[in-house]
Amino acid sequence: MSQEFPWIQSYQEGIPALADYSEYSSLVDIFRKSCEKFSSYPAFTNMGVTINYGELKMYANQFASYLQHVLHVKKGDRVAIMCPNLLQYPVALFGALQAGATIVNVNPLYTPRELEHQLKDSGAETIVILKNFAHTLEKALPKTQIKHIIVTEIGDLFPLPKQLIVNFVIKYVKKMIPAYHLPSPHTFKAVLAKGAMEDYDEVTLDYQDHAFLQYTGGTTGLSKGAILTHENIVANVVQSILWISPLLVEGQEKIITALPLYHIFSLTANCMIFLAYGGENILITNPRDIPGFIKELKKHSFTSITGVNTLFNALLNHPQFKSLDFSHLKLGLAGGMALKGPVADHWQKVTGKVLTQAYGLTETSPAACINPMNAASFNGSVGLPISSTEVVIKDDKGTSLKIGEVGEICIKGPQVMKGYWQKPESTAEVMTKDDFFKTGDIGKLDENGFVYIVDRKKDMILVSGFNVYPNEIEEVVVHHPAILDCAAVGVADEKSGEVVKIFCVKKDSAITEEEVLKHCKKNLTGYKIPKYIEFRDELPKSNVGKVLRRMLKEENN
């Protein structure tokens, strides 16, 4: 908490200004303590199959044993996991962590070029991959250091005969596994069976050991691996628990995990925090299938759900969503991108609960700010700095700005990464001399210490010398009842340098460009009004649902 805002904690009475995370020596320590304390409690559920904490520990131990005794993985070796939300993910994750490995999370939708870069850059020699994506690895493999490949199928941890049926349907009926050839792959089932023959050797871990090389999205070039230590993630787990603990009860929470666990938001907020609480993660493998997603939600008395604006918007605009039972819901947490006011308001109207906005980045493990749990409604802010976290606004010269002044958001705390993997120059560019991380986000602080995001620095549009922020344009446009989604970018213009172009997804097919323009003129000053309007069936999005403005900008410049 910044010295300038000593009153911040009054908004969350009882929450300490500093987070004491000394109870845990590492992420493995959190894992072991939770598995022992909540042994018979459900840990992860996927496609109707649940493993409890005792089973999770057993499988993870077997996986760790195989890594150590068969593949000879040593402390600090990098193990890549290329898997969507399946039961195998937490098994591989905690198994590899117990073996002392550093996890390299890989987006399964990567192209061979993207996969090759991440594997080469990280130096990973072992990869766990879902068979559906093995053909991508085949193309990337020759230029990487990969020596060991563990291949799994969707149903591998399901009981018989469901395991055989699911794997058969995926391969032969739905034909979701393209042909591939990989040299001497190990099967996930064989790994666990052989790993069960010998106990794994416990590895001593401390705060400075690397837990993850968590790669940034690479939206401005090749992705970089943020070094997240055991201390970074342990601290962020405790910091976040201190903030949300008034809502939670140990061993009684069920969180919907629709965002992929390989993404930092879901990894910490869902997997790690609810593990520490003895909660159940209900894994959604394909959240893009909204009807199927809602059908799954009907089966569970869920208490928490995390997501990004586009996911919540898609759920709210499906007619079946409002028929769900929200009586057990305690926490809806939005992050990853700006939460739009109409979506937040619609969520509260349908569920009766506030959709709480939080803020963080890959480089901050991720949580830096969270809104108070007792807020009555959406306030447009990303919240207050959590315990042991300082947030300041700096100008381009590094000078701290005053309340209300707009500049770059900078963050300091135990959750801030140790740097970018093997990129000291890139690290130096984002770290200030006083150890603040420069986020690249433009924002401001109000008189109560609340943080407001204006936009990404790189997305700012310069119209005749005036700064125009896409978030503001998009917020205005989506307030029109006939617009489902919107993205704003700057396009080149001889007279103004840049002008605003918006891409809109219709909710009502009858809406016209003239109507959208009229709406904008009523709510925006002249230079902010879009010069171009284009309707699209959908907007390009990242793996977690973030709208990719960069792609739209590249298409139009």
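For the stretch 476-527, which positions are open to solvent by 30 Å² or more (accessible area, probe 1.4 Å), under 22 Å from Lys553 (Cβ atoms) and modelled with pLDDT of 95 or more?
Answer for the stretch 476-527, where residues must be open to solvent by 30 Å² or more (accessible area, probe 1.4 Å), under 22 Å from Lys553 (Cβ atoms) and modelled with pLDDT of 95 or more: Leu484, Lys506, Glu513, Leu517.
Among the residues in the stretch 436-450, are any closer than 23 Å to Asp209 by Cβ, at pLDDT 95 or above, crowded, with 19+ Cβ neighbours inside 10 Å and not hydrophobic (A, V, I, L, M, F, W, C)?
no
Looking at the stretch 429-456 only, could you name the residues that are within 20 Å of the chain's Cα centre (by Cα) and assigned to a helix (DSSP H, G or I)?
none
Go through the stretch 344-393 and give me each residue that's open to solvent by 20 Å² or more (accessible area, probe 1.4 Å), under 23 Å from the mean Cα position of the chain (by Cα) and polar (S, T, N, Q).
Matches in the stretch 344-393: Gln348, Thr362, Asn379, Ser388.
Of all residues in the stretch 1-30 being farther than 30 Å from Ala99 by Cβ and among the acidic types (Asp, Glu), which is modelled with the highest pLDDT? Step through it out loud before you land on a result.
Of the stretch 1-30, the ones farther than 30 Å from Ala99 by Cβ are 1-18.
Next, only the ones that are among the acidic types (Asp, Glu) stay: 4, 13.
Numbers: Glu4: 54, Glu13: 65.
Among them, the one singled out is Glu13.
For Val406, state whether it is open to solvent by less than 50 Å² (accessible area, probe 1.4 Å), of a type in the set (Val, Ile, Thr) and more than 22 Å from the chain's Cα centre (by Cα).
Considered against the rule, which asks whether it is open to solvent by less than 50 Å² (accessible area, probe 1.4 Å), of a type in the set (Val, Ile, Thr) and more than 22 Å from the chain's Cα centre (by Cα), Val406 comes out as no.
Search the stretch 49-61 for residues being touching a residue at least 40 places away in the same chain (Cβ under 8 Å) and either touching a Phe, Trp or Tyr at 6+ places or on another chain (Cβ under 8 Å) or not in a helix (DSSP H, G or I) (or both), and hand back the single one that is surrounded by the fewest Cβ atoms within 10 Å (Cβ to Cβ).
The residue in question is Thr50.
So if I check each of Met47, Met58, which one is modelled with pLDDT of 95 or more and more than 19 Å from Ala193 (Cα to Cα)?
Met47
Considering the stretch 178-204 alone, what residues qualify as being touching a residue at least 60 places away in the same chain (Cβ under 8 Å), open to solvent by less than 70 Å² (accessible area, probe 1.4 Å) and part of a loop (DSSP other than H, G, I, E, B)?
If the condition is that a residue be touching a residue at least 60 places away in the same chain (Cβ under 8 Å), open to solvent by less than 70 Å² (accessible area, probe 1.4 Å) and part of a loop (DSSP other than H, G, I, E, B), then Ala196, Tyr200, Val203 are the ones that fit.
Of Ala101, Ala96, which residue is in contact with a Gly (Cβ under 9 Å, 6 or more places away or on another chain) and modelled with pLDDT of 95 or more? Show your work before the answer.
Details: Ala96 fails: in contact with a Gly (Cβ under 9 Å, 6 or more places away or on another chain).
Just one listed residue meets the conditions, Ala101.
The values are calculated or read from the model by the stated rules, or taken from the named source; none is laboratory data. A quick note: this is a predicted structure, and the numbers were derived from the prediction, not measured. Virtual Cβ from ideal backbone geometry, glycine too; neighbours counted across all protein chains shown. We work out accessible area using only protein heavy atoms, side chains counted, and drop any ligands, DNA or RNA first. Shrake-Rupley method; radii C 1.70, N 1.55, O 1.52, S 1.80 Å.
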